[in-house]
Structures are given as C-alpha cells and as structure tokens.
2 protein chains.
Amino acid sequence: MARKPSAADAPLRLDNQICFAVYSAAHAFNRVYKPLLDRLGLTYPQYLVMLVLWERDDVPVKDIGEKLFLDSGTLTPLLKRLEAAHLVKRSRSREDERQVLIALTPQGYALKEKARAVPQSILAASDCSVSELVAMKDEIVALRDRLNAVIGE
Amino acid sequence: MARKPSAADAPLRLDNQICFAVYSAAHAFNRVYKPLLDRLGLTYPQYLVMLVLWERDDVPVKDIGEKLFLDSGTLTPLLKRLEAAHLVKRSRSREDERQVLIALTPQGYALKEKARAVPQSILAASDCSVSELVAMKDEIVALRDRLNAVIGE
DNA sequence: TCACATTTAATTGTTCGCAATTGAATGTGC
DNA sequence: GCACATTCAATTGCGAACAATTAAATGTGA
C-alpha cells in the first residue's frame with residue numbers, strides 16, 4: 001500500500017514546502033553570519049537588536065520587540081547580555097516606570113563602524129545582484145506580513 | 001553628527017536586510033503552524049522530521065540531519081521526544097552499530113493522514129497562488145544553496 | 001477616590017539550534 | 001594484525017524563542 005510516490009502525497013513532500021525553504025534559508029544565513037558576527041562579539045539576534053538601536057536608541061523594549069517580532073521573554077535576557085557586554089544600558093523611564101529604555105553605550109555606538117563590513121560580506125555570499133535580492137526581500141516581507149495578518153485572525 | 005538618515009547607513013538599515021526578511025518570515029510561519037500542529041501533538045521541527053519519515057523511514061539519524069540541515073545535537077533529543085510520544089522507534093543498525101535507525105510506529109504512520117489538512121491551511125494563510133509560492137520557494141532554495149556553498153569555503 | 005482593566009517587563013519552563021567534546025564502531029594503511 | 005584516522009550518535013553548555021504567569025505602574029469609569 002502506497003509504496004511508490006503518490007500524487008496525493010505531493011503536498012506533504014519536504015521539497016514542496018515553502019516553509020522549509022524559508023526555515024532552512026534562515027539557518028543558512030545564520031551560519032554565514034556566524035563568523036562575521038563572532039568578530040563583533042554578537043549573535044545574530046543580538047545583531048538585529050543593534051541594527052534597531054543604531055537607527056534610534058533610547059527606546060523601550062516594546063518598540064524593539066515590535067520591530068523584530070520578538071517578546072520580552074526573548075528580549076529581556078538578550079538585552080541583559082548586551083548590557084553585560086557594555087554595549088547598551090537599561091534604565092526605567094521616568095515618565096512611565098513600566099518601560100525600560102534601551103540606550104547605546106559609547107562602545108555600542110562605536111561597534112556600528114565595525115559592523116559596516118558585514119552587509120557586503122553577506123552580499124558576496126549571496127552570489128546574486130542587489131536588485132534580485134531586493135526583489136526577493138520584498139516578496140518575502142509581503143508573504144510574512146500576510147502570514148502575520150492571519151495570526152491576529 | 002549623523003542625526004538624519006544617511007545614505008551610508010542604508011546597508012545597515014533593518015528594512016534593507018534580506019536576512020531579516022527570511023528570519024522574520026520563518027517565525028511567522030512558525031506561528032501560523034503552531035495551532036495546526038498542536039492538534040497533531042507536534043512542534044514545527046518535529047513536523048519536518050515526520051515529513052522526512054513519511055517519505056521514507058528506517059533511515060539513520062544522519063540522513064535526516066542532511067535533509068533538514070540539522071545535527072545530532074538537535075536531532076537526538078528531538079527524536080527521543082518523538083519516541084516518548086510513540087511516533088517513532090530508535091534502534092541500532094545491525095550492519096553498522098554506530099548508526100541509529102529511525103522507524104515509524106503504526107501511530108507515526110497513521111498521523112500522516114491527520115497531517116494532510118496542514119498544507120492546505122498554510123496555503124490559505126499565505127493568501128497567494130500556488131504558482132507564486134512555488135516560484136518563491138525555488139528562489140529561496142537557490143539562495144539557501146548558494147549560502148550553504150559558501151560555508152564549506 | 002476607588003475598584004478594575006490594561007500595559008509593560010520580568011520570570012519560569014520547554015523546545016530548538018549549534019559548537020565542542022566524548023565514546024564506541026568502523027575503515028585504512030602499513 | 002595493528003596502530004591510526006574517520007564516522008556516527010550522544011552529551012554538555014549556551015543562547016534563542018515562546019507560552020504562561022507574575023508584579024508593578026498606569027489608565028479608566030463610576
């Protein structure tokens with residue numbers, strides 16, 4: 001019974017899953033980033049947080065979470081590690097004591113200059129034109145946003 | 001100094017990172033899958049392992065790892081949980097005692113039928129035509145493979 | 001003002017994901 | 001046949017990721 005490939009099984013074949021394509025691509029990116037980020041002393045999620053803060057710091061944890069789609073259960077310990085590495089400072093907001101504001105330290109600011117080498121290495125590893133990458137990125141973001149829209153029912 | 005958006009900062013802007021698009025899309029998929037897989041009693045990585053085994057079981061851990069790009073540090077505990085859930089059986093190969101072969105139990109086989117509902121739910125959540133999804137999947141897989149090619153130098 | 005709901009981080013517990021190491025089995029070169 | 005390298009899974013330790021809960025601060029309605 002059902003020994004040879006059946007057409008009815010196609011939807012369950014690993015190679016037909018776009019989710020697995022995305023999942024495995026994310027891990028592949030992680031592995032390419034690893035040696036680059038090791039030099040900065042950052043993990044990949046920490047790098048994402050730093051990207052947010054390099055655009056604008058002195059922001060509450062919640063804002064970082066909304067930009068990265070992460071919650072406090074992930075961010076609180078991560079930010080404590082960044083603080084232990086002297087890259088950020090955490091402090092309660094005076095206007096609203098519930099909020100913890102995340103600010104860059106001078107070392108945190110300075111790391112941005114070292115980080116400028118990262119995107120070009122990634123581009124090289126992608127072995128692909130910038131315009132192709134931008135087009136793919138836009139498609140993937142659109143898919144992500146449609147998926148996220150479904151989650152809130 | 002550098003208060004307003006600078007063109008030099010574009011490569012470091014979060015919204016310009018294809019890696020973040022992929023990373024956040026993977027998490028979005030995870031969140032859409034969660035309620036569907038809860039009904040099967042599986043996590044998303046466990047579901048991927050089951051997809052592999054539904055295509056062919058009685059395979060060594062290494063084969064599963066190569067298909068999913070995961071190593072024994074991830075798979076060993078995951079497979080033990082699947083065994084505890086009576087979905088797979090782990091046994092040492094007689095021909096090569098180093099290998100652990102993973103076989104489906106009757107319950108593991110049976111779960112495939114319940115799983116058939118999953119892909120169509122995902123398709124609906126993607127809100128996108130099959131042909132578009134296939135095209136995206138192929139592009140992402142190609143990017144993933146180029147990235148993986150760089151890792152082995 | 002006071003009861004009540006909401007917001008925000010932090011905490012706890014479970015599951016991934018991976019680097020590094022270990023130990024047993026197998027393969028090899030001499 | 002025997003020393004040596006290689007392969008394979010398991011283990012350990014650390015850092016995410018998230019659900020669920022907690023606690024404190026703030027907002028709201030009567």
| task | For A:Arg146, state whether it is touching an Asp or Glu at 6+ places or on another chain (Cβ under 6 Å), more than 19 Å from A:Tyr33 (Cα to Cα) and facing chain B (nearest Cβ under 8 Å). | result | yes
Checking B:Arg144, B:Arg116, B:Arg90 in turn, the sole residue that is touching a helix residue (DSSP H, G or I) at 6+ places or on another chain (Cβ under 6 Å) and farther than 20 Å from B:Ala28 by Cβ turns out to be B:Arg90
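Condition first: within 7 Å of chain A (Cβ to nearest Cβ) and within 17 Å of A:Ser131 (Cα to Cα). Now tell me which residues in the range B:134-143 satisfy that.
Scanning the range B:134-143 gives B:Met136, B:Glu139, B:Ile140, B:Leu143.
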Those residues of the range B:132-141 which are without any contact (Cβ under 8 Å) to a residue 12 or more places away in the chain and within 16 Å of the chain's Cα centre (by Cα) amount to B:Lys137, B:Asp138, B:Val141
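If we scan the range B:18-30, do we find a residue that is more than 24 Å from B:Met136 (Cα to Cα), of a type outside the set (A, V, I, L, M) and either in the same structural domain as B:Glu139 (by TED's automatic domain parsing) or within 14 Å of DNA strand D (Cβ to nearest atom) (or both)?
So the first thing to find is which residues in the range B:18-30 are more than 24 Å from B:Met136 (Cα to Cα), and the list is none.
Scanning the range B:18-30 turns up no residue that is more than 24 Å from B:Met136 (Cα to Cα), of a type outside the set (A, V, I, L, M) and either in the same structural domain as B:Glu139 (by TED's automatic domain parsing) or within 14 Å of DNA strand D (Cβ to nearest atom) (or both).
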A:Asp127 meets each of (1) over 17 Å from the mean Cα position of the chain (by Cα); (2) open to solvent by 70 Å² or more (accessible area, probe 1.4 Å); (3) more than 7 Å from chain B (Cβ to nearest Cβ) with one exception, condition (3)
B:Gly108: small (Gly, Ala, Ser), within 8 Å of DNA strand D (Cβ to nearest atom) and within 14 Å of chain A (Cβ to nearest Cβ), yes or no? no
* Can A:Pro35 be described as under 30 Å from B:Asp138 (Cβ atoms), within 8 Å of DNA strand D (Cβ to nearest atom), facing another protein chain (nearest Cβ under 10 Å) and not polar (S, T, N, Q)? -> no
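The values are calculated or read from the model by the stated rules, or taken from the named source; none is laboratory data. Remember, it's a predicted structure, so these values are computed and weren't measured experimentally. When we count neighbours, we look across all protein chains shown, and the Cβ atoms used for this are built from the backbone with ideal geometry, even at glycine. Accessible surface areas use protein heavy atoms only, side chains included; no ligands, DNA or RNA. Shrake-Rupley method; radii C 1.70, N 1.55, O 1.52, S 1.80 Å.
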